[in-house]
1. What pairs come out if I take residues in segment 51-70 that are in contact (Cβ under 8 Å) with a residue 12 or more places away in the chain and pair them with residues that are of a type in the set (Ser, Thr, Tyr) whose C-beta lies under 7 Å away, six or more apart or interchain?
2. If only one of Arg86, Arg46, Arg117 is open to solvent by 100 Å² or more (accessible area, probe 1.4 Å) and either modelled with pLDDT of 90 or more or touching a Leu at 6+ places or on another chain (Cβ under 6 Å) (or both), which one is it?
3. Suppose the filter is open to solvent by 80 Å² or more (accessible area, probe 1.4 Å) and among the β-branched types (Val, Ile, Thr); does Val111 pass it?
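The values are calculated or read from the model by the stated rules, or taken from the named source; none is laboratory data. Here the structure is a predicted model, which means the values were calculated and not measured. Positions of Cβ are backbone-derived with ideal geometry, glycine not excepted, and every protein chain shown enters the neighbour counts. Side chains included, ligands, DNA and RNA excluded: accessible areas come from the protein's heavy atoms. Shrake-Rupley method; radii C 1.70, N 1.55, O 1.52, S 1.80 Å.
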Amino acid sequence: MVDDLRSDDGLGGFDGHHHRPTRRSEKERPLADREVPLGHQEQDVRVLAPAVHAWLDGELPEASVRKGDTARDVEFWKNINVEVDRRRRTHTPTYLEAQIMDALPQTAPQVITPWWRREFVVTPMAAVGGAAALIVVGAVVTAALVAIAR
């Protein structure tokens, strides 16, 4: 008797029927089973030219970098700088800042239960380490008592 535990009907052969499930076609497969195409991907990864790095660091003038293939990178970074400057000048409205400050608690939060009443969790490694430490301490105390008794 062979039960097909991977059947597509969800019963797994436990309903008393022993049938061979048919494979679903590609169209009937659930969406999670399908591969999602990532679209067009560049074969080679673009690397920023050293001249653009030097311009961003302030070592070269913009005119020397704005020619050829690097013009697109210069435009991109100029647009980023414009957007960063715009966002840097943006201020939070006073009423919003007041609402945020009013929502903050006036006192520091306190723990509801004191530390000695809280749950104490011991991991297996901590238990093994504690047991080993107790054995070592016991051996040291025993050796000390034997040495004193002589």
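1. Ala51/Thr70; Val52/Thr70
2. Every option except Arg86 fails the conditions.
3. Judged against the criteria, Val111 is a match.
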